[in-house]
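First comes the structure, then the notes that go with it.
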Amino acid sequence: MATSSVDRRSTAAPVRSIIVDLAARIRRRRESVGETRVVLDYHAISPIAHVDEPTNRGTVLERLLDYVDPVFDGRLPPNAYVWGPSGSGKSAVVTALLDQLRRVGTRSGSVIHTSTRGGTNAAPSLVYVDTRHASSEFGLYQTVLDGMLDESVPKHGVGTDTLRSRLAETLADDRRLLVAFDHVDEPGTQSLASLVSAFDGMMDSLSWLAIGRRPPSELSIDGPPERIEVPAYRDLALVDILTARASAGMARRAIEHEQLRRIAVWADGNAHDALCVLFAAADEAALAGVSGVREHDLHVGMDALPRPAVSLGRVFALSANRQQVLARLVEIDDDQRASVDAAATAVAAAPSVELSEGTVKRLLYELAEIGIVERVSEERSVGAGRSPSRLEPRFPTRVFGRLHSLANA
């Protein structure tokens with residue numbers, strides 16, 4: 001693997017970068033002439049896909065460029081924290097910047113370009129770590145090393161201490177590293193304090209850029225010197241995002257500008273939620289065989305999203321078994337989710353689920369513990385004993401179901 005590249009190979013979700021260029025838009029419009037299909041490309045309107053150039057985030061990008069400026073001189077920037085609410089585009093901005101820096105370095109042969117044998121004049125390696133996937137110290141060290149070295153780093157058959165020692169030796173050999181930790185201090189991910197502690201003794205050769213939702217005052221460690229806030233999107237910015245995605249993935253005139261504006265206002269600055277509504281509304285119209293999104297479809301899209309909603313990025317970062325359980329859970333009837341026991345029985349009975357009822361039950365409890373589903377107590381009208389807990393998904397089930405089926409088609 002080339003050094004300093006942004007490593008996304010561990011991502012379990014059906015995500016791919018979207019290049020929304022003029023030629024692609026022209027091609028799609030030509031193909032959609034006389035088309036009755038509403039959706040031409042589900043991935044283009046997916047809320048878990050990132051575009052190469054985030055929309056309406058120029059100010060944040062400028063601040064990030066100022067932050068990474070020392071890298072161009074072969075120096076490490078200070079530690080930093082990028083923070084903002086859910087759906088504000090934090091991950092999209094940081095990954096787009098690192099991707100572009102990698103491309104520039106590859107073309108120029110100088111900026112952000114290192115090899116397995118670093119030198120004192122080599123620019124720092126840049127590595128992106130999604131802590132939703134690298135949830136253990138082993139995964140953390142493996143991801144960082146794989147992002148730094150040309151040779152493949154094993155994912156199995158070696159111990160955590162071995163990988164840590166190899167990373168320490170690599171950094172001791174006149175190498176420097178800027179590592180971006182995304183989704184820190186979330187349920188199911190490592191805290192920033194744990195991530196920093198994992199690199200104890202290596203900090204002379206390493207700087208970190210953490211990305212999270214919490215304000216700096218709520219971090220698990222004292223806030224870093226550099227703090228970059230990413231505010232929620234304004235309505236007009238969200239309309240631009242939705243317009244670009246609809247142009248890339250939907251037929252011409254399949255959705256009206258006023259409908260996109262209504263989605264943006266409803267989403268209240270959250271691009272993830274806005275794209276979930278767009279995706280679900282477009283899917284409803286597509287299944288109905290109509291040529292455009294109707295009022296009914298908009299309501300379906302909005303009703304399909306719990307508020308607040310768990311990010312689909314978190315859901316698709318789960319293990320294959322957990323995703324399999326959730327895919328079946330969203331298909332069963334409401335009365336089959338009346339209790340954990342009933343849900344486990346219904347899920348395990350599905351031919352697509354190759355897990356025992358006991359295993360399914362355990363996974364459902366674990367999913368409830370991390371907030372992916374919620375156990376809602378039902379009031380007993382008669383009888384004694386503890387009230388059963390109905391399982392309610394806290395993520396956009398319709399969008400998840402479609403994306404999961406597309407990924408496993």
Any idea which of Ser352, Ser339, Ser311 is under 28 Å from the mean Cα position of the chain (by Cα) and surrounded by fewer than 22 Cβ atoms within 10 Å (Cβ to Cβ)? Ser352
Determine whether Arg294 is over 26 Å from Ser377 (Cβ atoms) and of a type in the set (Lys, Arg). yes
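Listed here are the residues, each with its yes/no results for (1) polar (S, T, N, Q); (2) out of contact with any Cys (no Cβ under 8 Å at 6 or more places or on another chain); (3) open to solvent by less than 20 Å² (accessible area, probe 1.4 Å).
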site: Leu177; (1), (2), (3): no, yes, yes
site: Asp182; (1), (2), (3): no, yes, yes
site: Gly188; (1), (2), (3): no, yes, no
site: Leu195; (1), (2), (3): no, yes, yes
site: Met202; (1), (2), (3): no, yes, yes
site: Ser205; (1), (2), (3): yes, yes, no
site: Trp208; (1), (2), (3): no, yes, yes
site: Asp222; (1), (2), (3): no, yes, no
site: Pro225; (1), (2), (3): no, yes, no
Could you grab me the full set of residues in region 259-289 that are touching a residue at least 60 places away in the same chain (Cβ under 8 Å) and more than 24 Å from His404 (Cα to Cα)? Gly269
Tell me which strands (runs of 3 or more DSSP E) are completely within region 125-217 and hold 1 or more residues being of a type in the set (Ser, Thr, Tyr), in contact with a strand residue (DSSP E or B) (Cβ under 9 Å, 6 or more places away or on another chain) and touching a residue at least 24 places away in the same chain (Cβ under 8 Å), or say none if there are none. 125-130, 206-212
Within region 289-307, count every residue that is over 16 Å from Arg262 (Cα atoms) and either polar (S, T, N, Q) or out of contact with any Lys or Arg (no Cβ under 8 Å at 6 or more places or on another chain) (or both). 4
Can you name every residue in region 227-243 that is open to solvent by 10 Å² or more (accessible area, probe 1.4 Å) and under 26 Å from Asp66 (Cβ atoms)? Arg227, Glu229, Pro231, Ala232, Tyr233, Arg234, Leu236, Ala237, Asp240, Ile241
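The values are calculated or read from the model by the stated rules, or taken from the named source; none is laboratory data. Owing to the predicted nature of the structure, the values given are computational and were not obtained by experimental measurement. Using ideal geometry, Cβ is built from the backbone for each residue, glycine included, and neighbour counts are taken over all protein chains shown. Please note that ligands, DNA and RNA were not included when accessible areas were found on the heavy atoms of the full protein model with its side chains. Shrake-Rupley method; radii C 1.70, N 1.55, O 1.52, S 1.80 Å.
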